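The following block contains the structure, expressed as structure tokens.
The values are calculated or read from the model by the stated rules, or taken from the named source; none is laboratory data. This structure is a prediction, so every number in the text was calculated from the model and none was measured. Backbone-built Cβ (ideal geometry, glycine too); neighbour counts: all protein chains shown. Each accessible area value is taken on the protein alone, full model and side chains, heavy atoms only, with ligands, DNA and RNA left out. Shrake-Rupley method; radii C 1.70, N 1.55, O 1.52, S 1.80 Å.
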Amino acid sequence: MNSNQPISPVTSQQTPMRWVTWFRRISIFVLIAASVFVGMLQIQAPKSVGIDAPADQFSAERALEKLKVIAKNPHPIESASHAEVRDYLISELRLLGYQPEIQKATVSSHATETYDLSGNIENIVTRIPGTDSSKALMIAAHYDSVPEGPGAGDDGAGIAAMLETVRAIQAGQPLKNDLILLMTDGEEMGMLGAKAFIQDHPWVQDVGLVLNFEARGNKGPVFMFETSEQNGWIIQEFMKAAQQPIAYSLIYNVYKLMPNDTDLTIFKQGGLPGMNFAFGMGLDAYHSPTDTPENLDRSSLQHHGEYMLSLSRHFGQLDLNEVRQEDRIYFNVFGWHMVSYPQSWAIGFIALGALLFVLTLWHGFRQHRLTVRGMMGGILIPIGSLGFVYGVIPLLWRFIPSNVSSERYTDILTKSHISVYYLIGLLAITALITIGLYRWLSRYVRTENVWASILFLWLLFGVAAAFLLPGGSYLMFWPFVFSLIGINISFRCREERWTWLAALFAVPGLVLITPIFYLVYTMMTLDMAGALMTVVALVSTLIYPVFSKRLSTRKYS
């Protein structure tokens, strides 16, 4: 071989170009992974505080000492263990210098027309006078458990947090408003204690705001998942006061459509405004023998208490005579940082989005990067991928319960260390389906046409959300707007050199949707595999150009 032979120009150029291509692909993958990671930063509870914490702070370890007594045994309504817990709580309140009262009543839940639950309840009610009360702030949690478990999470954590909270309040500055502590009874039988309080207790008329604490599991961060109607003022003050707030108006809107009830349901029916808090991970411990103090996540108990203490101190100093304002859209954006704006803005925002989309089409046609024919064909790609995923995933999931025992299937649904492997498998299948369809179908339609069609689909979803589910409209609007920016910039870029823009401007959508996806997965389980993977397919449309098979523009529309 002649060493003086010149190197082929093609060979000399291919190596650096190949490295550039690989670098670009790795960068896009890192960007997507980082976006998901940032989204997951929202789903975290604060670290627990030790027993030697300052007296005016909440300590999960101090509260845990109380919880070990409260949740030593199952204590359903009217049982001997229930009476022991009642007496213990009364003695603890008296040790703090308070004079608790017992409200006794016989209440029926009226669960259905043919099925009634009733019982003799004993609510524990305590009133701590304020220095200049407008209306009273009420903290509520239930102290009964189900017969199957000791109820450390549901709802011993709320009761233990209440005892530690009032101890910390006592060690600090006094509140202006009266503080009512309501430890309801018979919640597991159909909110019996809450009904008795609303129907018969004379202090109902004095309550300006209720903070209710619940659980559906034994770990995870505490979410403010429900409010009363006209929550605008409450949300704004909540965001000012809570140290580690986690709340999504979408969750509240969806919760209203579900048949689930807590004591706050009864309080709201009685005309009391309020907020509902709960942790909901560790579903396998819910209403089970494993719901013990030893198995309870200390961080969850700390989060309960930090909400309870910070909000009590904040609302305890405010005028609670008029707390109703227009509903707001609210959500976390980075960690514990939240954004909110009036719900009425949702329609205005989506109208602005429609205008921006029209301007984007004009820009694309002017730059000769969009065609009507291409967009009409392009809309079939996202619709086809969503439909295919929604059809295939449920069919595949049906094989699981058909081939395992009912006990094993329950473990798959409720035990996160098991279900996560099935989740990864479903995500992999969904990725194969969507990427395969994108690569195959993109040979026939120019990438920009498909991208524009995808954004039109997001606009339609945004319109539907603004009118039907306004609390969740932000999940459609903000990803749509940022991706509009990306496609407009791409029109000014050299063709086939701009795919990274799709990933870059999909970051806000990935950050916003990731925690919602994870919450639905953990709280609703993989029984909703079809809907969950369809959401994944929808989100993947935002980064469609990354996966498309880009050919010369002469070969397709």
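Please verify whether region 253-274 includes one or more residues that are in a strand (DSSP E or B), touching a residue at least 60 places away in the same chain (Cβ under 8 Å) and not polar (S, T, N, Q).
The answer is yes; a qualifying residue exists.
Note down all Cβ pairs under 8 Å where the first residue falls in region 395-416 and is in contact (Cβ under 8 Å) with a residue 12 or more places away in the chain, the second is open to solvent by 70 Å² or more (accessible area, probe 1.4 Å) and in a helix (DSSP H, G or I), and they're at least six residues apart or on different chains.
From residues that are in contact (Cβ under 8 Å) with a residue 12 or more places away in the chain, the pairs are L413/D527.
How many residues does region 243-252 hold that are open to solvent by 10 Å² or more (accessible area, probe 1.4 Å) and assigned to a loop (DSSP other than H, G, I, E, B)?
Here the count works out to 2.
Taking into account only those residues within region 240-295 that are among the small types (G, A, S) and farther than 30 Å from D206 by Cα, which is nearest to the chain's Cα centre (by Cα)? Walk me through how you get there before you give the answer.
Our first condition is that a residue be among the small types (G, A, S); within region 240-295, this holds for 241-242, 247, 249, 270-271, 274, 278, 280, 282, 285, 288.
Now narrow it down to the ones that are farther than 30 Å from D206 by Cα: 280, 282, 285, 288.
Numbers: G280: 10, G282: 15, A285: 20, S288: 24 Å.
Result: G280.
If you go through region 78-114 one residue at a time, how many are buried (at least 16 other Cβ atoms within 10 Å of the Cβ) and modelled with pLDDT under 95?
The total comes to 2.
OK, next. Filter region 175-213 down to the residues that are part of a loop (DSSP other than H, G, I, E, B) and modelled with pLDDT of 95 or more, then identify the one that is nearest to S91 (Cα to Cα). Working first, answer last.
Quick first cut of region 175-213, residues part of a loop (DSSP other than H, G, I, E, B) only: 175-178, 185-186, 190-191, 201.
Then keep just the ones that are modelled with pLDDT of 95 or more; that gives 175-178, 185-186, 191, 201.
Numbers: L175: 23, K176: 26, N177: 24, D178: 21, D185: 17, G186: 20, M191: 24, H201: 22 Å.
Checking each candidate, the answer is D185.
Give me the pairs, please: first residue somewhere in region 189-217 and free of Cβ contacts under 8 Å to residues at least 12 places away in the same chain and more than 21 Å from E164 (Cβ to Cβ), second residue anywhere and in a helix (DSSP H, G or I) and open to solvent by 10 Å² or more (accessible area, probe 1.4 Å), beta-carbon distance under 8 Å, and either six or more positions apart or on two chains.
Listed pairs, sorted by first residue: none to list.
Every residue in region 478-487 that is of a type in the set (A, V, I, L, M) and either buried (at least 17 other Cβ atoms within 10 Å of the Cβ) or touching a Pro at 6+ places or on another chain (Cβ under 6 Å) (or both), please. Give the steps one after another, and end with the answer.
If we filter region 478-487 for residues that are of a type in the set (A, V, I, L, M), which is where we start, we get 481, 484-485, 487.
Hits for region 478-487 are V481, L484, I487.
Still on this model: Hey, among S490, S453, S473, which residue is surrounded by 19 or more Cβ atoms within 10 Å (Cβ to Cβ), polar (S, T, N, Q), touching a residue at least 24 places away in the same chain (Cβ under 8 Å) and closer than 29 Å to A247 by Cβ?
Details: S490 fails: closer than 29 Å to A247 by Cβ; S453 fails: closer than 29 Å to A247 by Cβ.
Going through S490, S453, S473 in turn, just one is surrounded by 19 or more Cβ atoms within 10 Å (Cβ to Cβ), polar (S, T, N, Q), touching a residue at least 24 places away in the same chain (Cβ under 8 Å) and closer than 29 Å to A247 by Cβ: S473.
Which of the residues spanning region 120-149 are out of contact with any strand residue (DSSP E or B) (no Cβ under 7 Å at 6 or more places or on another chain), open to solvent by less than 10 Å² (accessible area, probe 1.4 Å) and not acidic (D, E)?
S145, G149
Take the conditions of a type in the set (D, E), over 28 Å from the mean Cα position of the chain (by Cα) and either over 22 Å from S548 (Cα atoms) or in a helix (DSSP H, G or I) (or both) and apply them to E407. Does it pass?
Details: of a type in the set (D, E): yes; over 28 Å from the mean Cα position of the chain (by Cα): no; either over 22 Å from S548 (Cα atoms) or in a helix (DSSP H, G or I) (or both): yes.
Considered against the rule, which asks whether it is of a type in the set (D, E), over 28 Å from the mean Cα position of the chain (by Cα) and either over 22 Å from S548 (Cα atoms) or in a helix (DSSP H, G or I) (or both), E407 comes out as no.
For region 34-56, give me each residue that is in contact (Cβ under 8 Å) with a residue 60 or more places away in the chain and touching an Asp or Glu at 6+ places or on another chain (Cβ under 9 Å).
Result: A45, P46, S48, V49.
All but one of (1) buried (at least 23 other Cβ atoms within 10 Å of the Cβ); (2) under 21 Å from the mean Cα position of the chain (by Cα) hold for R298; which doesn't?
(1)
Considering region 414-450 alone, what residues qualify as being open to solvent by less than 10 Å² (accessible area, probe 1.4 Å) and touching an Asp or Glu at 6+ places or on another chain (Cβ under 7 Å)?
Of everything in region 414-450, nothing turns out to be open to solvent by less than 10 Å² (accessible area, probe 1.4 Å) and touching an Asp or Glu at 6+ places or on another chain (Cβ under 7 Å).
Something else about it: Restricting to region 214-241, count the residues that are open to solvent by less than 10 Å² (accessible area, probe 1.4 Å), closer than 21 Å to F279 by Cα and outside any strand (DSSP E or B).
Result for region 214-241: 5.
So L380 fits all but one of (1) modelled with pLDDT under 95; (2) open to solvent by 60 Å² or more (accessible area, probe 1.4 Å); (3) within 17 Å of M524 (Cα to Cα); what number is the exception?
For L380, the exception is condition (3).
May I pose another question? Looking at (1) surrounded by fewer than 21 Cβ atoms within 10 Å (Cβ to Cβ); (2) at pLDDT 95 or above; (3) assigned to a loop (DSSP other than H, G, I, E, B), find the lone condition where D291 falls short.
Unmet condition: (1).
Could you say whether any residue in region 459-466 is over 23 Å from G39 (Cβ atoms) and in contact (Cβ under 8 Å) with a residue 60 or more places away in the chain?
yes
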